[in-house]
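Data first, discussion second: the structure below is written as structure tokens.
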Amino acid sequence: RNILFVTNFSPSSELALPYAVVLASRYNGKLYVAHVIAPEMYEFVPQNFIPEVRKQIADYAGKRMEQLLNAAQLQGVPHKFLLQYGEIWDTLREIADRYKIDVIALGTRCPLLTRHPRRPCFREEPCLSRPQNSRRSDQF
């Protein structure tokens, strides 16, 4: 089975990593760890600085991913780091399709999939979701 763990490197997002690792381990799956750099990152950067800023952001993401993966208990769990550029949800949907993702694990300060975005929420919790095109739950 293919598990996608999505991170923005915040403490909230990292809450879901242990769940993703357990799922991948239990079901002999592969863990895909994704970070998406959105175009908004460059909104106020002068055009001539964008290549350097993009490189610095990618370098930072690589270092943070290395720290995250070193801290996780990934022994024996096949995994792959995906650093992508684009609109966050569109890019995650493309990743889910390309790698035939069965479960998406993400941690959020506000459960995006279960609450209205304008309602305040103060809990941090992991969230698991199945992409629309994933295998039926009885096959997982």
Selection status of V21, open to solvent by less than 20 Å² (accessible area, probe 1.4 Å), over 16 Å from L106 (Cα atoms) and either under 11 Å from the mean Cα position of the chain (by Cα) or at pLDDT 90 or above (or both): no
When residues of region 38-77 are limited to those that are open to solvent by 70 Å² or more (accessible area, probe 1.4 Å) and not in a helix (DSSP H, G or I), the one farthest from L17 (Cα to Cα): F44
Top-ranked residue of region 29-53 - restricted to ones that are without any contact (Cβ under 8 Å) to a residue 24 or more places away in the chain and charged (D, E, K, R), ranked as nearest to D90 (Cα to Cα): E40
Filter result for F5 (open to solvent by less than 90 Å² (accessible area, probe 1.4 Å) and part of a loop (DSSP other than H, G, I, E, B)): no
Per-region count, region 8-28, residues out of contact with any helix residue (DSSP H, G or I) (no Cβ under 7 Å at 6 or more places or on another chain) and either free of Cβ contacts under 8 Å to residues at least 40 places away in the same chain or not in a helix (DSSP H, G or I) (or both): 8
Residues being open to solvent by 20 Å² or more (accessible area, probe 1.4 Å) and either at pLDDT below 90 or charged (D, E, K, R) (or both) - total across region 89-105: 8
Condition check for L82: modelled with pLDDT of 90 or more and not in a helix (DSSP H, G or I): yes
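The values are calculated or read from the model by the stated rules, or taken from the named source; none is laboratory data. Just so we're clear, the structure is a prediction, and the values are computed from it rather than from any experiment. Because the Cβ atoms are built from the backbone with ideal geometry, glycine has one as well, and the counts that use them run over all protein chains shown. Each accessible area value is taken on the protein alone, full model and side chains, heavy atoms only, with ligands, DNA and RNA left out. Shrake-Rupley method; radii C 1.70, N 1.55, O 1.52, S 1.80 Å.
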